[in-house]
Amino acid sequence: MTVLSEAMQAVRQRDRALLEGHTPYQHLQALHEIWPMVGQQYADIVALRDLHHKPAATLTYRELAEAIRTFASGLQALGVPNRAHVALFADNSHRWLIADQGIMTAGGMNAVRSGTADTEELLYIAEHSESTVLVVETLALLNRLGDRLKRLPINPVILLSDETTPADDQRQILNFSQLMALGQDHPYTPVTVKPEDLATLIYTSGTTGQPKGVMLSHRNLLHQINTLEAIVQPQPGDNVLSILPSWHSFERTAEYFLLSQGCSQTYTNIRHVKADLKTYKPQYMVGVPRLWESIYEGAQKQFREQTSGKQKLIFTFFGLSQRYVENLWRFQDMKIDEPHLSPLQRLGAGLVALGLWPLHQLGKKLVYGKVREATGGQVKQLISGGGSLARHIDIFFEIIGVPLLVGYGLTETAPVLSARRPWHNLRGAAGQPIPFTEVKVVDLETRQELPQGSQGLVLARGPQVMEGYYRNPEATQKAIDPEGWFDTGDLGWISKDGNVVLTGRAKDTIVLTNGENIEPQPIEDACIRSPYIDQIMLVGQDQRSLGALIVPNLEALQTWATSQARFISIPGDETPVPAGCSLITLDDEVVQKLIRDELTREVKDRPGYKIDDRIGPFRLILEPFSIENGLLTQTLKVRRPVVTERYRDMIDAMFG
């Protein structure tokens, strides 16, 4: 532990040096006090571009600050009192941010959720949060909530659209423009808000039982604003591309922080993200692992479309560059699965890296530059969170020269607990604790702290830890002990330089009949390296071996089959069978053997492979895991209990 303490002391000293003189918001009592400051300091810099929504808008910081205050004045004109609870059900747009911060500027607290969430969940949140005001994206969403909403003590209702409001409704309903007009004619009355006051309720996804309302205070959120500059140092006017749900804690805190630094944020979506990357050439982008995987998969698809000669050249360069970066990490003592290299081993790795460096540079010039351009070519840092990042994705972005940092946290921690630093970007880790944050690993049973390098349950303590679960003291008591340590539910260990290394979720662990405990995420991350596997979820609780549900990459499979003079029959696909090809199905022996070989190779090539990691039976399923079918969360993580229940019969038959 002495080595760890010295390493963390060095990290904290560097953090303090970076933050010194760069935290103008330390004296603030509430989050919304930021906007008048940035409205003056960055007045004419573009704050928000929202060009894919109607109405489209581009707002400077001065205009954004004015709009937030006007929204707050409108609420006050309607008689909404200080500390009112306001349900905000909407998705990404400039009006979402105006409403979110307008509610806080009026002294209110908001309970947020996506407008696309299930109707029952939205009604539950509106009632459980004790909201008396509703801000809703559209009239259609308001109508979807129906008569049951009318039974709640909610009045007024604000639409974020400019639709005509119903005249026959007994509630007071205003559209966005009507509220803003009201606010322009009504002077703003300053409100008193304390740091410990509730700022927002963010409801967990509720994969098991009803969602819990995470209580985040102004203190929780301001801690993040005041410390994240120790990780990234954006400049005023830097471009940011926003694609994650704005109401989610990861994207939300990132937006607050980057806007507090004067960045220019552009809202994008899955449909437009490729074009927007090239158009706006962002310096920063916050995303989840699935987003970076899609960029990787897009590059792989382009490679597969090249002639066989070009493919061989491309993959040769990537192989050489992978050897280069892995030996460079060994030399720098930053190879997470080889933590005890001798000085002689490190020197040898450095010499190998030196020899491969010219070839890596040639690969940059001939191949990687074109891939890098797909991100806009001006990225300072991509920031990943919301889940485990597969090792091959980390290596890919290192090879192409696009800096990728990884952070770790939960909704309950506002959310960032740790993050990889640009000057110490330990691949495979979740980073070192951010300023004023403590992380420790304890035994699952005894809760005694474990020594450095030992795996156990990750606990965290700091100013960002939530106030508790709303109206749920029992759950709060289970999550936060009397000393303030929050149970993350994650398994992991701490490296010698203080990095948190996550190995899985305590509740996700699969226990085989031989007593072996398997963490599924690292194995799944290895399997999606295969070009033929798009998504995978391991199963096998109380079985003799692991099994897998696999969503195949049908395009890659079809290309492979055609090269074998075969064509795979996919239900609903009316593509004509190419001449000279025989018709097969996904259940055909050659397809099953291909997937089996892919699983075997990728699992065995994974660092730390054990014999129990082998995947036994598997099934191919055609319907992808998605938000729309309820199998992914809003941050694109697989809802394991939901998938398990959906495919219960298939899983039982798999092991039958």
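What is the antiparallel percent of DSSP beta bridges lying wholly in segment 188-268, to the nearest 5? Rounded to the nearest five, the antiparallel share is 55 percent.
Amide H contacts for I627 (H built 1.01 Å from N in the peptide plane; partners 5 or more residues away or on another chain; cut-off under 5 Å): L632. The H on the amide N of L417, modeled in the peptide plane, is under 5 Å from the matching H of Y408, G409, L410, each at least 5 residues off or on a different chain.
For segment 318-379, relative contact order (Cα pairs under 8 Å, six or more residues apart, normalised by length) works out to 39 percent.
Could you work out what % of the accessible surface of the chain is carbon and sulfur, using a 1.4 angstrom probe and leaving DNA, RNA and ligands out of the count?
Numbers: 14560 of 28400 Å².
Reported share for carbon and sulfur atoms: 51 percent.
Our helix-only sum for the chain, with -39,500 (n - 2.57) per DSSP H run of n ≥ 4 divided by its residues, gives a mean residue ellipticity at 222 nm of -11500 deg cm²/dmol. Put the Cα centre of segment 539-575 next to the Cα centre of segment 322-370 and the gap is 35 Å.
Distance from the Cα centroid of segment 133-148 to that of segment 228-306 is 30 Å (rounded to whole angstrom). Rolling a 1.4 Å probe over the heavy atoms of the protein chains gives segment 482-570 an accessible area of 37 Å² per residue. Quick check on segment 270-394: take the gyration tensor over C-alpha atoms, sort the square-rooted eigenvalues as a ≥ b ≥ c, and tell me if it's rounded (a/c under 1.5), prolate or oblate. Oblate.
Geometric descriptor of segment 73-160, per residue, is 78 Å³ (volume of the convex hull of the Cα atoms). Semi-axis lengths, largest first, of the ellipsoid equivalent to segment 366-417 are 26, 12, 7 Å, with √(5λ) applied to each eigenvalue of the Cα gyration tensor. Extending 7 Å from Cα along the Cβ direction at L313 and again at Q9 yields two label points whose distance is 5.4 nm.
Please report the antiparallel percentage of DSSP beta bridges with both residues in the chain, rounded to the nearest 5.
Details: 42 of 81 bridges.
Roughly 50 percent of the beta bridges in the chain run antiparallel, per DSSP.
Once the Cβ-Cβ distance between D481 and Q26 is put in as r, and R0 is 30 Å, what FRET efficiency do you end up with, to the nearest 0.05?
Values: r = 28 Å, r/R0 = 0.94.
Computed FRET efficiency for D481 and Q26 comes out at 0.60.
Note on T164: accessible area is roughly 120 Å² with a 1.4 Å probe, heavy atoms of protein only.
When a/c is below 1.5 the answer is rounded, else prolate if a/b is larger than b/c, else oblate, so apply that to segment 400-499 with a ≥ b ≥ c taken from the square roots of the Cα gyration tensor eigenvalues. Mind dumping the intermediate values first?
Working: a/c = 2.49, a/b = 1.49, b/c = 1.67.
Oblate is the answer for segment 400-499, as a/c is 1.5 or above yet b/c matches or exceeds a/b.
A straight Cα-to-Cα reach below 24 Å connects K365 with the lysines K274, K278, K281, K301, K310, K312, K380, residues fewer than 8 places away in its own chain not being considered. Across segment 165-184, the residues whose backbone nitrogen lies under 19 Å from the label position 7 Å along the beta-carbon direction of N155 are 165-175, 179. Determine the distance separating the Cα centre of segment 501-536 from the Cα centre of segment 450-491; give it in Å without decimals. Spelled out, the Cα-based centre of one part sits 24 Å from the other. Note that segment 54-67 has calculated 3J(HN,Hα) couplings of 10, x, 5, 7, 10, 10, 7, 5, 4, 5, 5, 4, 5, 5 Hz, one per residue in order, obtained from phi through the Karplus relation 6.51 cos²θ - 1.76 cosθ + 1.60 (θ = phi - 60°); glycine and proline are x. Relative to the longest principal axis of the Cα atoms of the chain, the long axis of helix 94-105 makes an angle of roughly 50 degrees.
I'd like the FRET efficiency for S342 and L320, computed as 1/(1 + (r/R0)^6) with the beta carbon distance as r and R0 of 25 Å, rounded to 0.05. It comes out at approximately 0.50.
For the residues V577, V642, V325, a 1.4 Å probe over the protein chains yields an accessible-area ranking, largest first, of V577, V642, V325. Label sites at H52 and R171, each approximated as a point 7 angstrom past Cα along Cα to Cβ, lie 2.9 nm apart. What trypsin sites (Lys or Arg not before Pro) does segment 1-109 have in DSSP loop regions with at most 16 other beta carbons within 10 Å? Qualifying residues, ordered by number: R83.
Straight-line reach from K370: taking Cα to Cα under 19 Å and skipping same-chain neighbours fewer than 8 places apart, the aspartates and glutamates in range are D276, E293, E297, E305, D394, E398. Note on S582 and S626: the extension gain reaches 12.6 nm, defined as 0.36 nm multiplied by sequence separation minus the Cα-Cα distance. Its alpha carbons considered, segment 276-336 gives a radius of gyration followed by a Dmax of 15.3, 39 Å.
Modelled label positions at E645 and D162, each set 7 Å beyond Cα in the direction of Cβ, lie 4.3 nm from each other. Just check segment 112-158 against the gyration tensor rule for me: Cα atoms, a ≥ b ≥ c as the square roots of the eigenvalues, rounded for a/c under 1.5, and otherwise prolate or oblate depending on whether a/b exceeds b/c. Taking the square roots of the gyration eigenvalues as a ≥ b ≥ c, segment 112-158 is rounded. With R₀ set to 30 Å, the beta-carbon distance separating E373 from T575 gives a calculated FRET efficiency near 0.45. One entry in (i) 70, 61, 52; (ii) 113, 70, 59; (iii) 129, 73, 50 is Cα extents along the principal axes in Å calculated from the shown coordinates; its label is (i).
Scalar couplings 3J(HN,Hα) for segment 505-512, obtained by applying the Karplus form with A = 6.51, B = -1.76, C = 1.60 to θ = phi - 60°, are 9, 4, 7, 8, 4, 9, 9, 7 Hz; x denotes Gly and Pro.
The values are calculated or read from the model by the stated rules, or taken from the named source; none is laboratory data. Please read all numbers here as calculations on a predicted model, not as lab measurements. Positions of Cβ are backbone-derived with ideal geometry, glycine not excepted, and every protein chain shown enters the neighbour counts. For the accessible areas, the whole protein counts, side chains as well, though only heavy atoms, and no ligand, DNA or RNA atoms are used. Shrake-Rupley method; radii C 1.70, N 1.55, O 1.52, S 1.80 Å.
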